[in-house]
Amino acid sequence: MRWERDDVNTSGPMPSAEWIETVRKKLEVGEPLDFNEHLIAERAGLAAFPALDGEALPPPSRRPKVLVTVDEHVVVPAVCRALGENRGHGLLDWGGTLARVQEQATGGHAITIAGEAEVRTQMVASVELVKRDDDGAEKGIHPPGWLAPAVVQRGEWPGMRRLRGLTETAVLRPDGTVLSDRGFDDATGLYLTADDQMSIPAKPTESDVEAALETIADPVRDFRFGDPHSFSGYVAAGLTLVARPAFLGPSPLFLAHASTFASGKGLLWGVVAIAGTGRIAPAETLATDENELRKDILSKLISGSRVAFYDEIKTVDSAALRSVLTAHEVGGRVLGLSKNFVATNTLTLLAAGNNVPIDLENGRRIIAVRLVTAEEDPSKRTGFKYPDLLAHVASNAAGIRRALLVILANYCAAGRPPQKLEPMGSYEAWSALVRGAIVYAGLPDPAGSGAELRATDEKQPRLRRLAELWLELLEQLGKESCTAKRAIEYACGEPPGPLPALRELLTDIACDKTGHVSAKVLGHVLRSVHQRVFDTPAGTVRMLDVGTDRTATKLWRAELMDAGMKGSAGMGSPYVRARAETGGNSSSRVAEKHPCTSRIPALESDPFEPHEDGSGGGES
């Protein structure tokens with residue numbers, strides 16, 4: 001038997017003893033009630049059990065009444081307001097879409113968008129819909145067919161809590177406090193799916209920080225980082241996960257790269273994901289289709305995913321990836337709903353690959369973690385401190401997570417003093433918090449390893465050489481600009497001009513499929529360097545598109561920039577100046593200050609030496 005609304009009232013029949021006992025048992029064990037069971041509990045005089053987040057569904061006698069008429073512009077807002085003010089149903093405003101947090105069959109939680117059927121059910125639980133008959137008497141009705149779609153598409157529900165993100169573990173709030181209590185957090189809009197109580201000192205001492213660094217370093221003691229900055233990159237990835245709600249804006253891609261297979265790249269990110277989120281991030285392949293990649297990332301953001309791991313990547317040269325890595329928000333159409341969804345970009349991207357080519361444009365979006373090995377087949381290594389590393393990390397994840405939060409608390413308690421770091425465009429907020437906390441704790445800058453990675457850019461030296469030679473070409477021609485065709489005629493004609501270096505360069509960068517130097521190909525190259533600035537032996541040179549000649553062919557100029565044109569860029573790196581003033585690099589100070597970093601190989605050390613305790617060198 002199913003009790004309907006009209007069956008449960010003060011004048012109707014009392015529900016059977018069997019039904020009342022069923023509801024009573026549910027209340028005793030803390031099991032949530034459905035709508036009809038709430039009605040039975042009210043009729044029988046039982047205290048209704050809170051449904052979600054400590055909020056109970058309002059009993060029928062206290063639900064707002066809405067008169068359904070043909071005036072949809074009046075009815076729909078009234079229902080939306082009633083739905084927004086009722087918190088017992090668990091619905092949340094997720095980017096202008098009604099959604100709820102649900103436990104997944106595979107474990108964990110995800111944000112799922114509520115369909116019209118669920119919204120219809122929750123409307124009935126939140127509002128009393130009535131209409132007047134011919135005699136003017138009010139009578140309860142079921143929601144008309146047009147009402148639920150209109151409420152779903154409304155996009156705003158006054159009083160509805162706005163969800164900003166989902167987390168299964170404790171995270172840092174923007175004010176420096178730690179979110180650790182289960183449920184919806186009004187201060188941040190985050191939903192924590194389980195209690196994750198952390199005892200974080202308000203003002204960590206130096207010994208607290210050293211102990212935290214020891215805890216963070218312990219799981220990766222058998223890895224061999226190529227340089228101290230790479231170890232900091234590992235720490236930065238973990239800090240980013242627990243600090244993601246505390247800063248606005250994007251975070252960079254964390255790339256673990258090595259020269260061979262089985263170097264421990266995926267294992268390293270497994271450690272980070274488990275410590276930071278409580279579960280491992282599934283390994284995926286990076287979609288080569290730009291649209292598919294955008295859909296994949298948007299779907300992760302919609303479901304509330306905090307981290308994504310792309311393994312075995314061959315390149316990061318993707319327009320969609322570049323866009324996501326620098327975007328504050330990501331938008332797109334939601335499958336099954338005729339509306340767009342705009343999500344705040346809170347996704348942390350991890351990637352791994354061997355000898356991944358990185359150019360300057362993509363390199364600025366990456367924090368590189370270089371792993372090295374001394375074996376031809378690293379998969380045969382033995383002698384690890386933790387043979388089943390991920391199981392060890394899973395059982396100690398709370399402790400590692402606490403250590404990460406201590407590093408952040410240490411920096412926040414000090415007032416987040418600015419650190420003298422090289423600017424990292426597009427990542428100012430991330431850099432100010434995560435990089436700042438790392439350097440303040442005594443570790444080297446995690447962005448320091450990017451210089452070596454960007455040094456593998458094969459295009460940049462050629463483009464720099466092109467700017468230098470174009471400047472020399474214009475001097476020889478006695479002109480302020482010239483076309484791609486004229487440059488080819490001068491350098492590659494018969495007899496060739498007195499600029500053999502340009503002829504050699506054009507043969508390298510501007511040949512078509514037939515192997516001949518092409519003005520069309522060179523034009524594409526020149527368009528890619530429009531307004532780019534290059535530091536050459538002759539000085540700082542800027543390439544410019546200065547219009548067309550009489551035949552509508554593009555003219556290109558290379559000009560030297562003086563100090564006034566360069567502005568602050570001519571002042572040099574503040575980080576380099578700071579290091580010069582202190583008379584040393586941060587890595588030497590780190591090893592001196594923190595014993596736990598003694599296993600981070602310095603640049604000049606042999607990365608293949610075993611540990612002092614005899615355990616294996618290399619990486620997991």
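The values are calculated or read from the model by the stated rules, or taken from the named source; none is laboratory data. All values reported here derive from a predicted model rather than from experimental measurement. Note that we place each Cβ from the backbone using ideal geometry, even for glycine, and neighbour counts take in every protein chain shown. Keep in mind that these areas ignore ligands, DNA and RNA; they rest on the heavy atoms of the full protein, side chains included. Shrake-Rupley method; radii C 1.70, N 1.55, O 1.52, S 1.80 Å.
Only one of 274, 297 is β-branched (Val, Ile, Thr), open to solvent by less than 60 Å² (accessible area, probe 1.4 Å) and farther than 24 Å from residue 220 by Cβ. Can you tell me which?
None of the others qualify; the one that does is 297.
Select from region 107-132 the residues that are open to solvent by 20 Å² or more (accessible area, probe 1.4 Å) and of a type outside the set (Val, Ile, Thr) and list them in ascending order. Reasoning before the result, please.
As a first pass, look at region 107-132 and keep what is open to solvent by 20 Å² or more (accessible area, probe 1.4 Å): 107, 109, 112-113, 115-118, 120-122, 124, 128, 131-132.
The answer is 107, 109, 115, 116, 117, 118, 120, 122, 128, 131, 132.
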Search region 550-568 for residues being closer than 30 Å to residue 420 by Cα and in contact with a Ser or Thr (Cβ under 8 Å, 6 or more places away or on another chain), and hand back the single one that is modelled with the highest pLDDT. 560
Tell me, which residue of region 491-543 that is within 20 Å of residue 477 (Cα to Cα) and basic (Lys, Arg) is least open to solvent (accessible area, probe 1.4 Å)? 542
Does region 310-335 hold any residues that are open to solvent by less than 10 Å² (accessible area, probe 1.4 Å) and in contact with a helix residue (DSSP H, G or I) (Cβ under 6 Å, 6 or more places away or on another chain), and which are they? 316, 320
Options 309, 341; residue that is among the aromatic types (Phe, Trp, Tyr) and closer than 21 Å to residue 219 by Cα: 309
For region 381-388, state whether one or more residues are basic (Lys, Arg), farther than 23 Å from residue 213 by Cα, open to solvent by 10 Å² or more (accessible area, probe 1.4 Å) and at pLDDT below 85. no
For residue 346, work out the one condition from (1) part of a loop (DSSP other than H, G, I, E, B); (2) open to solvent by 50 Å² or more (accessible area, probe 1.4 Å) it doesn't fulfil. (2)
Does at least one position in region 160-178 carry a residue that is without any contact (Cβ under 8 Å) to a residue 24 or more places away in the chain, under 30 Å from residue 277 (Cα atoms) and either open to solvent by 20 Å² or more (accessible area, probe 1.4 Å) or small (Gly, Ala, Ser) (or both)? yes
How many of the residues making up region 295-328 are at pLDDT 90 or above, of a type in the set (Asp, Glu) and assigned to a loop (DSSP other than H, G, I, E, B)? 2
Can you tell me which residue is modelled with the lowest pLDDT among those in region 13-22 that are closer than 27 Å to residue 141 by Cβ and surrounded by 13 or more Cβ atoms within 10 Å (Cβ to Cβ)? 15
In this structure, does residue 279 turn out to be over 27 Å from residue 344 (Cβ atoms) and surrounded by fewer than 23 Cβ atoms within 10 Å (Cβ to Cβ)? no
Search region 480-512 for residues being closer than 19 Å to residue 557 by Cβ and assigned to a loop (DSSP other than H, G, I, E, B), and hand back the single one that is modelled with the lowest pLDDT. 497
Of all strands (runs of 3 or more DSSP E) completely enclosed by region 69-184, which ones contain at least 2 residues that are over 30 Å from residue 398 (Cβ atoms)? 128-132, 138-140
Cβ-Cβ under 8 Å, sequence separation 6+ or interchain: first residue in region 513-527 and modelled with pLDDT of 90 or more and part of a helix (DSSP H, G or I), partner among the polar types (S, T, N, Q) and open to solvent by less than 50 Å² (accessible area, probe 1.4 Å). Which pairs? 519/483
Any hit, region 381-393, residues being of a type in the set (Val, Ile, Thr) and part of a helix (DSSP H, G or I): yes
Residue within region 547-554 that is among the basic types (Lys, Arg), more than 30 Å from residue 355 (Cβ to Cβ), touching a Leu at 6+ places or on another chain (Cβ under 8 Å) and surrounded by 12 or more Cβ atoms within 10 Å (Cβ to Cβ) present: yes
Out of all the residues in region 26-34, is one or more outside any loop (DSSP other than H, G, I, E, B), modelled with pLDDT of 75 or more and over 21 Å from residue 130 (Cα atoms)? yes
